[in-house]
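All remarks here apply to the structure that follows.
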Amino acid sequence: MNYFSTAHNVMSFEYLNNLKGEILACSYFTTNNLNRDFIGTKGFSVVFKRSHIEQVETKFPFFKHYIKLALLPHCNAFYLNPLQLKSGSRVDPHIDRSLRSYCKTIEPPATVSVLYVNVPKDLEGGELILSDSYGCGSRRKRPAGKINPQVNMLVHFQGHLTHSVNAVKSEGLRLSLVCEQYCLEDEELLKIPEFIIESRATIKK
């Protein structure tokens with residue numbers, strides 16, 4: 001079973017460098033608003049429906065090429081977040097369900113997509129670890145993949161997978177752009193904001 005796919009050199013390095021600078025300089029970028037599984041990380045999140053992609057691109061023009069490349073045509077709701085890890089940061093095992101704060105019945109995303117924007121050349125740790133549940137009660141896990149981050153690599157993995165990021169042991173910033181991609185029923189979609197920003201920073205109107 002193919003739990004994930006990778007593509008290399010998907011963007012120009014000019015775009016990647018600009019994307020890195022824009023993310024780090026963004027006023028919303030601060031201590032992560034994500035849950036307690038994200039240890040020592042920074043970022044912010046953008047929730048939007050397919051109908052409001054243009055609004056996202058207007059507010060964050062530096063996301064435009066990523067959105068064009070990564071978003072899957074059959075998905076209709078998205079949870080997009082830059083994610084920075086540094087020495088000592090890690091992400092504990094979890095399954096993405098970020099839109100459940102708006103609709104409790106939502107299942108995990110169909111796909112999660114990750115673009116590695118910046119990876120230190122001497123990175124130690126920081127690997128993406130995937131596992132799949134099986135057996136009675138789905139309490140048992142089997143390995144589904146170990147991905148070593150590489151600059152300009154795009155990863156798509158199945159949204160139901162448990163995943164984590166090993167603790168970063170070296171200096172430098174590991175920066176990625178992550179998007180949970182959902183295929184929602186009409187009743188679920190009605191409960192999702194058309195476009196909203198989630199951040200611990202003071203939101204500027």
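Available extension along the chain between Glu14 and Asp37 is 5.1 nm, counting 0.36 nm per residue and deducting the alpha carbon span. Is the shape of region 81-142 rounded, prolate or oblate, going by the alpha carbon gyration tensor and its root eigenvalues a ≥ b ≥ c, with a/c under 1.5 for rounded and a/b larger than b/c for prolate? Oblate is the answer for region 81-142, as a/c is 1.5 or above yet b/c matches or exceeds a/b. When +1 charges are put on Lys and Arg Cβ atoms and -1 charges on Asp and Glu Cβ atoms, the dipole computed for region 1-124 relative to its Cα centre reaches about 280 debye.
Farthest toward the positive end of the dipole of the chain, out of Ile23, Leu154, Ser164, is the Cα of Ser164, where the dipole comes from beta carbon charges about the Cα centre.
Normalised by 2.2 N^0.38 Å, with N the number of residues, the alpha-carbon radius of gyration of region 4-198 equals 0.98.
Extending 7 Å from Cα along the Cβ direction at Tyr3 and again at Glu54 yields two label points whose distance is 4.0 nm. Among the listed pairs Lys59/Lys86; Lys68/Lys191; Lys121/Lys169; Lys20/Lys42; Lys42/Lys146, those with a Cα-Cα distance over 18 Å are Lys59/Lys86; Lys68/Lys191; Lys42/Lys146. Fully extending the segment from Ser133 to Ser27, taken as 0.36 nm per residue of separation minus the present Cα-Cα distance, adds 34.3 nm. Sequence-distant contacts, meaning Cα pairs under 8 Å at least 6 residues apart, place the relative contact order of region 4-198 at 33 percent. For the chain, which span is the longest to avoid every loop-located (per DSSP) member of GluC sites (Glu not before Pro) having at most 14 other Cβ atoms inside 10 Å? The answer is 1-123. Rounded, prolate or oblate: which fits region 1-76, taking a ≥ b ≥ c as square roots of the Cα gyration tensor eigenvalues, rounded meaning a/c under 1.5, else prolate when a/b beats b/c? In terms of gyration-tensor shape, rounded.
Multiplying the residue separation of Arg140 and Ser101 by 0.36 nm and subtracting their alpha-carbon distance yields 11.4 nm.
Every read-out reported here was derived from the displayed coordinates using simple, explicitly stated rules and does not represent laboratory data. Worth saying up front: this structure is predicted, and the values here are computed from it rather than measured. FYI the Cβ positions are ideal-geometry reconstructions off the backbone, even for glycines, and counts take in every protein chain you see.
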